[in-house]
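Here the structure comes first, spelled out in structure tokens, and everything after it is commentary.
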Amino acid sequence: MKKVSNVQLKARDTQSLEKRIVENVAAQELDLSQWIFDGLKIENGSHVLELCCGTGAQTFSFIKHVGNNGQIVALDISREALDKIASKLDERELSKVVLIESDMDRIEEAIADQGIKSPYFDLIFCAYGLYYSTNVEQVLETLKRYLMPGGSMVVVGPFGPNNGPLFSILKQSGVIIPEYVAFSSDRFMPDKVIPWAAVNFQKVAIRTVVNRIKWDSLSQIMTYWTSSTFYSPDKHGAVEKSINNHFKKQQYFINEKWIMMIEMTNAR
Ligand SMILES: C[S@@+](CC[C@H](N)C(=O)[O-])C[C@H]1O[C@@H](n2cnc3c(N)ncnc32)[C@H](O)[C@@H]1O
């Protein structure tokens, strides 16, 4: 069996994911989901594969966009996350969705188990999850084989100075951001995804945005941090103190989410 790190365990924890989403969505300047879907072309009847779907932040929109004849195959390693999605769907919506509990590193097996033969999908999508793969290139190669002519693969994730203000106040309080987390946040999209896309697709489109998250209380920041993959319990008190000091001087703490969407399109 593959050894699973503490960071990976935290990344798969559905309650932590939901807490982070609540704190971001309530305080974000821009509706991230809206921004993502503004950049996607989804035709009626499309077949969509979504990796790392989590609790459905994008899945529910896919269900609406594909119309009555479309299909969403949504995969996540967390059964709890998939159950959350299923619990929010009515019978008609459920008939359009296949929820698969699997490690994305076993994507080929997971898709074959559904009797799906390549090529099949018009859109293959993954937001905030691809960096959890231990073999990104192999996953991307497999996905490409399942893509229909004219179809697109879309990866959304952070880059560059993402989370800069938050990382900075945490570091000042003695927190060490694990190297793997720092790499996923900063370099994964430009170093891993873009080069692979450039070699494998003739058409690659990149969109970026900076979403400001305006928190006005200690509890919002602490809830986000304690639910994150970079929480360190031994620095809890020191971080609380630094954030309290910040709020004595300023009304808001503004974090920045640097977001990149890479769209790779197959020739027809
Ligand atoms: C940050 S969440 C993103 C969820 C959703 N896409 C969103 O944007 O809200 C990452 C998701 O990836 C899932 N995940 C982590 N490692 C995985 C793996 N190896 N295979 C499949 N899913 C994984 C987690 O369970 C979690 O639901």
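The condition (being in contact (Cβ under 8 Å) with a residue 60 or more places away in the chain and either within 20 Å of SER46 (Cα to Cα) or not acidic (Asp, Glu) (or both)) is satisfied by just one residue among ILE116, ILE107, ILE111: ILE111. Filtering ILE124, ILE111, ILE100 for residues that are assigned to a helix (DSSP H, G or I), more than 9 Å from the ligand (Cβ to nearest atom) and not polar (S, T, N, Q) leaves a single hit, ILE111.
Of the candidates ALA57, ALA74, the single residue that is surrounded by fewer than 20 Cβ atoms within 10 Å (Cβ to Cβ), within 19 Å of the chain's Cα centre (by Cα) and within 12 Å of the ligand (Cβ to nearest atom) is ALA57. Would you call MET148 surrounded by 15 or more Cβ atoms within 10 Å (Cβ to Cβ), under 19 Å from the mean Cα position of the chain (by Cα) and more than 13 Å from the ligand (Cβ to nearest atom)? Spelling it out, it is not the case that MET148 is surrounded by 15 or more Cβ atoms within 10 Å (Cβ to Cβ), under 19 Å from the mean Cα position of the chain (by Cα) and more than 13 Å from the ligand (Cβ to nearest atom). Surrounded by 16 or more Cβ atoms within 10 Å (Cβ to Cβ) and either hydrophobic (A, V, I, L, M, F, W, C) or modelled with pLDDT of 95 or more (or both): is that true of LEU143 in this structure? Yes, satisfied.
Reported count of residues in the stretch 199-227, each being small (Gly, Ala, Ser) and crowded, with 17+ Cβ neighbours inside 10 Å, is 1. Do we find a residue being over 24 Å from THR265 (Cα atoms) and in contact with a Lys or Arg (Cβ under 7 Å, 6 or more places away or on another chain) anywhere in the stretch 99-117? Yes, the stretch 99-117 contains a residue that is over 24 Å from THR265 (Cα atoms) and in contact with a Lys or Arg (Cβ under 7 Å, 6 or more places away or on another chain). For the stretch 117-128, give me the residue count where each residue is surrounded by fewer than 21 Cβ atoms within 10 Å (Cβ to Cβ) and of a type in the set (Gly, Ala, Ser). The total comes to 1.
If the condition is being closer than 25 Å to LEU170 by Cβ and either modelled with pLDDT under 95 or polar (S, T, N, Q) (or both), then the stretch 182-202 contributes SER184, SER185. Among the residues in the stretch 11-32, are any in a loop (DSSP other than H, G, I, E, B), more than 10 Å from the ligand (Cβ to nearest atom), of a type outside the set (Lys, Arg) and under 26 Å from SER152 (Cα atoms)? Yes; the residues of the stretch 11-32 include at least one that is in a loop (DSSP other than H, G, I, E, B), more than 10 Å from the ligand (Cβ to nearest atom), of a type outside the set (Lys, Arg) and under 26 Å from SER152 (Cα atoms).
The values are calculated or read from the model by the stated rules, or taken from the named source; none is laboratory data. None of these values were measured; they are calculated from a predicted model. For neighbour counting, all protein chains shown are included, and Cβ atoms are generated from backbone atoms with ideal geometry for every residue, glycine included.
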